[in-house]
Amino acid sequence: MPEPFFSRKLPLQVAVALLSLIPISVGAMGILLGPRWLGLDPPWPASLDSHFRYLSGIFFAGGVAFVSTIPRIERHTGRVRLLAALVVAGGLARAYSLSAVGMPTSGHLFGLAMELIVTPLLVIWQARVAASNPGR
């Protein structure tokens, strides 16, 4: 009997690899371009630029950290859950911004969906893969 799709390791590895490209590329653009990446024109306060690039660096590093789970993803349940918790916390902060300040751009709404829907689903998927591959 074939193994169920959400219990297979390779599709999860591919999904994590592809999805990791989002924070890696968006983080790199934020580091290199600062707030200009959002279509803003300078001048902006140096503190805003510094904070934006700092958070972009964390976003970039989070993507790299997810990539580090790929080779033995069935054994990295703790790391995947920690990284996912950080992403969800950021999504909750983004949701607060939506309620406090108003509707952001579609790119930010995409991020919100990734943070609060896709990331928790990846955690569930990884748990199924880990359970299907004990001791591997």
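The values are calculated or read from the model by the stated rules, or taken from the named source; none is laboratory data. On a predicted model such as this, the values are computed, not experimentally measured, just so you know. In this analysis, Cβ positions are derived from the backbone assuming ideal geometry, glycine residues included, and neighbour counts consider all displayed protein chains. For the accessible areas, the whole protein counts, side chains as well, though only heavy atoms, and no ligand, DNA or RNA atoms are used. Shrake-Rupley method; radii C 1.70, N 1.55, O 1.52, S 1.80 Å.
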Output wanted: per-residue J couplings in Hz (rounded whole) for region 104-112, from phi through Karplus 6.51 cos²θ - 1.76 cosθ + 1.60, θ = phi - 60°, x for Gly and Pro. x, 6, 4, x, 6, 5, 4, x, 4
At R0 = 22 Å, FRET efficiency that the Cβ-Cβ distance of residue 117 and residue 55 yields, to 0.05: 0.55
The helix 46-67 Cα axis meets the longest alpha-carbon principal axis of the chain at an angle in degrees, between 0 and 90 and rounded to 10, of 10
Once the principal axes of the Cα atoms of the chain are found, what is the range along each, listed largest first in whole angstroms? 61, 28, 21
At 7 Å along Cα-to-Cβ for each site, give me the label-to-label distance between residue 94 and residue 77 in nm. 2.8
Could you give the nm distance between label points at residue 110 and residue 133, where each point is 7 Å from its Cα heading toward the beta carbon? 2.9
Sequence of 47, 25, 20 when ordered by accessible area, the most exposed leading, probe 1.4 angstrom: 47, 25, 20
